[in-house]
Amino acid sequence: LLILGVCFWGIACWTKILSLANAVYFIAGVAICQSRQNFLSVFQPSAIAIIPFILLSCFPENLDRSTLAGVVITYVTISFLLFLHILCGFEKIDYVLGRNTFPILLFSPLFTILSRLFIPLFLFDTSGICFMCVAVCFVVLGCLSLARLADKTGLSRFLVGKEFL
């Protein structure tokens, strides 16, 4: 698997499909998965992980994911988000999104294009954060709704080979 992974990585980098930094993150994820380690034993939920995140994010050179500081930012971000996940009880939402990743990936381009129609409504927000929140909700809910409609009408069988529910 390691030799095959390196070969695919080499092809991806040579064809410019994948950057070295993204390949390293992917290989690290595969290594964690293949090691049969519990995800929570690798990434510890932590409220204080926000402190190094804020300190490191103050310097723009640290925001490059291919630097050591970028790797640390990634790690502490995952740790803090796990803390929020446990604190806020997002398990049910996460499970719904996890079970429906394929329809979200499949239908998101359609709803992403449609979400651009909302841009004029958010011209007051120069940061774009309000638009981003509304657009993400619109895209995810639209994708889940379309997947549900495809299930109910029996189209899922033809779209993705899923049996009619």
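Every number here is computed from the coordinates shown, using simple stated rules; none is lab data. These numbers come from a predicted model, not from an experiment. Backbone-built Cβ (ideal geometry, glycine too); neighbour counts: all protein chains shown.
A compact table of results
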| read-out | value |
| --- | --- |
| Relative contact order (%) - the range 24-97, alpha-carbon pairs under 8 angstrom, separation at least six | 32 |
| Modelled FRET efficiency - R0 25 Å, VAL24 with CYS58, Cβ distances, 0.05 increments | 0.50 |
| Ratio Rg/Rh [Cα only; Rh per Kirkwood] for the range 9-106 | 1.01 |
| Range in the chain, longest, excluding exposed trypsin sites (Lys or Arg not before Pro) [loop by DSSP; at most 12 other beta-carbon atoms within 10 Å] | 37-165 |
| Normalised contact order of the range 24-165, rounded percent, pairs of Cα under 8 Å and 6 or more residues apart | 16 |
| Residue (of PHE118, PRO103, GLY154) at the positive-pole extreme of the range 96-165, dipole from beta-carbon charges | GLY154 |
| Compactness of the chain as Cα Rg over 2.2 N^0.38 Å, two decimals | 1.28 |
| Spin-label proximity, PHE138 to the range 60-102 - amide N less than 16 Å from point 7 Å beyond Cα toward beta carbon | none |
| Cα extents of the range 16-60 along the three principal axes, largest first (Å) | 32, 30, 9 |
